[in-house]
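Working notes, beginning with the structure itself.
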Amino acid sequence: MCGIVGYVGNKNAIPLLLNGLKRLEYRGYDSAGLAIANQNSLNVLKRSGKVESLKSLVNDSHLKGTLGIAHTRWATHGKPNDVNSHPHIDKTGKIALVHNGIIENYLEIKQYLKAEGIEFKSETDSEVLVQLISLIYNNSKSLTFEDSIRAALGEIVGAYGIVVVSSDFPEKIITAKMGSPIVIGIGENEYFV
Ligand code: GLU
């Protein structure tokens, strides 16, 4: 069972995300990662192993930001390695997603996306979803980012708790769930997932 943490507000997101992951460690996991979105930049740091090991990667990076998502993975599709760790990013490098659960029809969607010229980095079912969101969003002239996520989720069979961010919208974290639990916390000018 994986763990998901998201934060948007005016505090430094990094310690909040890492502490959140620490508190979810009891659930068991094999890898950990986080993404920080700023205007026009999306940075992802992830690796197999413990949150402590992610923490040293993050400390070395001097990454900063007030919006981010983080994940501890329990591998179901693809080995527990650095590349398969979450967050996963889309082909434009602007959208990042963390996912808890299993996308049962991921192979079918992956074939379709490959035929559209999308190259996959990981072996996960989760990367399929972020690439699908991106394709829908970038091909549509009328759908908002939120609409595109809704449309992509409409194609998914399975269970999910997801959080999605984009460097085009560095004030938004978008979450959705089906079958998996997600809790939203509302603070003063800040939100937690
Ligand atoms: N199915 C996804 C994967 O293998 C998510 C697993 C999880 O819930 O941590 O990466």
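The values are calculated or read from the model by the stated rules, or taken from the named source; none is laboratory data. Being a predicted model, the structure only gives us computed values, none of them experimental. Cβ sites come from the backbone with ideal geometry, for glycine too, and all protein chains shown count toward neighbours. Note: areas computed on protein heavy atoms with side chains; ligands, DNA, RNA excluded. Shrake-Rupley method; radii C 1.70, N 1.55, O 1.52, S 1.80 Å.
Being over 16 Å from the mean Cα position of the chain (by Cα) and among the basic types (Lys, Arg) is a property that holds for Lys114. All of (1) assigned to a loop (DSSP other than H, G, I, E, B); (2) more than 16 Å from the ligand (Cβ to nearest atom) hold for Tyr29 with one exception: (2). In the range 69-85, the qualifying residues are those that are open to solvent by 40 Å² or more (accessible area, probe 1.4 Å) and in contact with a Phe, Trp or Tyr (Cβ under 9 Å, 6 or more places away or on another chain), and the one that is nearest to the ligand (Cβ to nearest atom) is Trp74. Is there a residue in the range 59-79 that is farther than 17 Å from Leu21 by Cα, of a type in the set (Asp, Glu) and within 18 Å of the chain's Cα centre (by Cα)? Looking for residues that are farther than 17 Å from Leu21 by Cα, of a type in the set (Asp, Glu) and within 18 Å of the chain's Cα centre (by Cα), one finds none in the range 59-79, hence no. Assess whether Thr66 counts as being modelled with pLDDT of 95 or more, open to solvent by 40 Å² or more (accessible area, probe 1.4 Å) and within 8 Å of the ligand (Cβ to nearest atom). No.
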